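The values are calculated or read from the model by the stated rules, or taken from the named source; none is laboratory data. Just so it is clear, the structure is predicted and the values come from calculations on it, not from any experiment. Cβ atoms come from the backbone with ideal geometry, glycine included; neighbour counts cover every protein chain shown. Each accessible area value is taken on the protein alone, full model and side chains, heavy atoms only, with ligands, DNA and RNA left out. Shrake-Rupley method; radii C 1.70, N 1.55, O 1.52, S 1.80 Å.
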Amino acid sequence: MTSALVDQLRADLGAAHYSVSALTGLWGSEADAALRRNQRVPALRALTALRTKIGRAEPSATLAWLFVLGLPVTHADLAAALPSLSVAGAVALGLVAGGNAAAAPGATEKPGSADADSPLRPLLELRPYSFVDEHGAGSWWIASDLGELALGRPLGETHVLGVGGASLTLSGLLIPTRVQTALDLGTGCGIQAMHAARHSDHVVATDISVRALELAALNAQLNGIGNIEFRLGSLFEPVAGERFDHIISNPPFVITPRTEGVPSYEYRDGGLVGDALVEAVVRGAAGHLRPGGVAQLLGNWEYRTDQDAFDRLDLWLDAPKAEPGAGPHPRPVLDAWIIEREVQSPALYAETWIRDGGTRPGTADFDRLYGAWLDDFEARGVSRVGFGYMLLRSPAADGTALRRLERLPGALGHNPAGIGSHLAGCLAAHDRQTAADDGLLSRMRLTVASDVTEERHYWPGQEDPTLMTLHQGGGFGRSVPLDTALAALVGACDGDLDVGSIVSALAQLLDADEGELATELLPGVRGLIDDGFLLPPA
């Protein structure tokens, strides 16, 4: 019965053209922006004006009024918007209920009939979602718990979040390489598992919340995705003894005081002290990746007075130190490419996440929670908190290693389909150049990536540039300064000449020793390959 109801809901949503573009057409881009700020008045006014103009309720407008703005609708309007499912079907699926009382956060109501004379209120958000990835454009409908906009109060601790900023960030990072098995650790509403299903034969999605798994399963079924298996449990417990090609996690990484009276939200707070939850995911991934498998996650990490955050991350990635006299140090458990995108002070971090939970500045609760956060950071000597992307990999069998921890706070390049393919290309290029000695590298015929431009600055009247910089249009939008020799080498990388021939010609032009010039240039060439400026031959 439920499966048939979900099929009917899918048909109705499609027939109503309930999509991101349709809603923007109903209320405009300014109202869209206001909704992202949790303000619904512009959208409400636009929908009200539309109804006045056409003299009836347009189906997509009714659905948006109910499931996006969180406002009640009449039986007649909802019946017109969902003709296949019907109002009774919407009640049975737990989408709506009669009456005006707001539902408790995360609460579900038993299916039953609704009074035809009372308005119908939403029990869930149901929003259209659109995206573009390496497999093409896609659109889904995503159900989640009602937000602050509909509830009119702070979220409950068992709230199941919809598609937020962190979700969009992680989905844009996913490497799209085809794999057999993927794991979405802490799936929430299921959005990452659904994205992983586009490049995986089979996906396992886990969560500690029964309700999250129920909503994730609903979302998968609603969007016709049938290769996801849902399991209940904490961290890697539901997949004990199993290994995967791709592990994905938007874990509950927010650092929250473990103090009585401080709310702990399942969707964001891991229940451990400090950044220990992220550490647990990193260390656990090592035992659940197949050879060559990749894990991708978001995370926070603490800077402490006695240790830089990157030094702590290094420790998470390494095998335990060998006992004295036990032989050589074991190989690192994980290769890693970690990119720190932002750093916040303890005060700013506390303010951000207290507001995220719905507690407003200027209230006694806000001040109490603020103090608890600062006490917690002070107890561990935390001076800053970093946020970023973590790409982990089981070490390659050929001995090539990757250990790259860097800080890239600037804007990303232009990546309409996400940055996942760029990451995959950089990993492959790194392995290629790392496995090549200088002789093999010199025989490679490299080409400049299509998104790379060169910028030159001159003093007035001078023929030679005073500053040369390579800019990357996509990827991480990197900029790399060049000297004369490296700029000339890059300019000659059109796939016709190998690196060694270019270096030899430059040595003659610059009247330099060829061996010394190669020693000077090849490390820079390797770096440009790693970053995607120069591409090895196929």
Net dipole in debye of the chain [+1 Lys, Arg Cβ; -1 Asp, Glu Cβ; about Cα centre; nearest 20]: 1940
Per residue solvent-accessible surface (Å²) - segment 22-68, probe of 1.4 Å: 55
Extension gain from Arg445 to Leu348, taking 0.36 nm per residue of separation minus the Cα-Cα distance: 30.0 nm
Going through segment 443-484, which GluC sites (Glu not before Pro) have at most 15 other Cβ atoms within 10 Å and a DSSP loop state? Glu463
Using the Cα centre of segment 170-290 as the reference point, and only Cβ charges (+1 on K/R, -1 on D/E), how large is the resulting charge dipole? Debye, rounded to the nearest 20. 260
What's the carbon and sulfur percent of the chain's accessible surface, probe 1.4 angstrom, rounded to a whole number? 54
One finds, for Glu260 and Thr434 with R0 = 41 angstrom and r their Cβ-Cβ distance, a FRET efficiency to the nearest 0.05 of 0.20
Keeping all protein chains in place, calculate the accessible area per residue for segment 380-463 (probe 1.4 angstrom), answer in Å². 52
Phi-based couplings in Hz for segment 163-177 (Karplus 6.51, -1.76, 1.60; Gly and Pro marked x): 7, x, x, 5, 4, 5, 4, 5, 4, x, 8, 4, 5, x, 4
Checked against the structure, the computed P(r) over Cα pairs in 10 Å bins from 0, in percent among (i) 4, 19, 30, 26, 14, 6, 1, 0; (ii) 3, 16, 23, 23, 17, 10, 5, 2, 0, 0; (iii) 3, 17, 27, 28, 18, 6, 1, 0 is the one labelled (ii)
Which one of Cys189, Leu120, Leu317 is farthest out on the positive end of the charge dipole of the chain, using unit charges on Cβ (Lys, Arg +1; Asp, Glu -1) and the Cα centre as origin? Leu120
Starting from 0.36 nm per residue, how many nanometres of slack lie between Glu463 and Asp314 once their C-alpha separation is accounted for? 49.0 nm
With DSSP loop assignment and no more than 12 other C-beta atoms within 10 Å, the trypsin sites (Lys or Arg not before Pro) in segment 5-83 are Arg37, Arg56
Given the chain, what percent of its DSSP beta bridges are antiparallel, to the nearest 5? 65
Give me the accessible area per residue for segment 488-538, probe 1.4 Å, as a whole number in Å². 47
When the chain is fully extended, how far beyond the present Cα-Cα distance does Arg178 get from Val273, taking 0.36 nm per residue of separation? 30.6 nm
Using θ = phi - 60° and Karplus 6.51 cos²θ - 1.76 cosθ + 1.60, couplings along segment 505-519 (whole Hz; Gly, Pro as x): 5, 5, 4, 5, 5, 8, 6, 10, 6, 4, x, 5, 5, 4, 4
